[in-house]
Amino acid sequence: MIRLRPLVALSAALVLASGGPIAAQQQPAPPPSTAPAPAQTNPLPTTTAPNPVADPDKSAAPAPQQSVAPPPAGQSAVGTPARPTLIEKAGEPGDVDEVTLPSKPAAILSGKTKWEEAVPNLKQAFARIEADLAKLGVAPAGRPLAVFTRTDDDGFEFEAMIPVAAAPNPAPAETDGLRFGTTPSGKALRFAHKGSYESIDSTYETLTAYLDAKDIVVQDRFVEEYATDLKDGTDDNLDVNIYALVK
């Protein structure tokens, strides 16, 4: 059995969460209003001062445009679509989803780290990929992934990946270890983790128990896809898709 990370104990059974969203009840439409329609949908702010008398000798000057500050680094501008995950439909904690991962072109950077340094080293790897893509003029087209290629009690080796729409052609010379390839593809089981990275062991316990109970054989690598930004080990808003690739 492949060791993913030091686990406290294996879970005895998998609890599958079921159910779905409850449809909202339709409310009756309000009676039509007899008030006159507003002049505009986004009215300008009003003041208590009366309207000034127009000066025929002075032309109306346009209002100065407001400057829009760029979004902070690593964040998308308002209205910009978020980078998609490999599987469009989100998973729910406790559920096991049978999915088929698509093969997507990706920028890849190999690395290794100790378990206690996993989050900062993964963040650093993703930042390096983003910086190199910016230099090449290649836009990211998906959420960051970490493919665990080898693990032991002390740490793990990984391939950090960021999907792109298309790899540069011709491919640039490998710089700082960056190369282009494809994301893992094929049949997989998805386990959703919602919570801090420090608590992700519990999801791996569920994964391991499920594979053992169902006698499912998987590949010697696992994939973590960070549906939300990987900030620190204690961030309870972290959303990770864990994929076990079926043989």
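The values are calculated or read from the model by the stated rules, or taken from the named source; none is laboratory data. Worth saying up front: this structure is predicted, and the values here are computed from it rather than measured. Using ideal geometry, Cβ is built from the backbone for each residue, glycine included, and neighbour counts are taken over all protein chains shown. Surface accessibility is based on the protein's heavy atoms, side chains included, excluding ligands, DNA and RNA. Shrake-Rupley method; radii C 1.70, N 1.55, O 1.52, S 1.80 Å.
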Checklist line | Residues within segment 130-179 that are of a type in the set (V, I, T), touching a residue at least 40 places away in the same chain (Cβ under 8 Å) and part of a loop (DSSP other than H, G, I, E, B), tallied | finding: 0
Note to self: Looking at segment 236-247 only, could you name the residues that are open to solvent by 20 Å² or more (accessible area, probe 1.4 Å) and closer than 17 Å to H193 by Cβ?
What the structure shows: D236, N237, D239
Checklist line | Total residues in segment 109-141, condition more than 19 Å from V240 (Cα to Cα), open to solvent by less than 40 Å² (accessible area, probe 1.4 Å) and of a type in the set (A, V, I, L, M) | finding: 4
Next item on the list: For segment 205-235, enumerate the residues that are assigned to a helix (DSSP H, G or I), open to solvent by less than 50 Å² (accessible area, probe 1.4 Å), of a type in the set (A, V, I, L, M, F, W, C) and farther than 20 Å from T149 by Cβ.
Entry: A209
Notebook entry, point to check: Does segment 206-218 include one or more residues that are closer than 24 Å to A106 by Cβ, at pLDDT 95 or above and touching a Pro at 6+ places or on another chain (Cβ under 9 Å)?
Noted result: no
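I need the full set of residues from segment 205-247 which are of a type in the set (S, T, Y) and touching a strand residue (DSSP E or B) at 6+ places or on another chain (Cβ under 7 Å), in order please.
Of segment 205-247, the ones of a type in the set (S, T, Y) are 206, 208, 210, 226, 228, 234, 243.
Within segment 205-247, T206, Y210, Y226, T228, Y243 meet the criteria.
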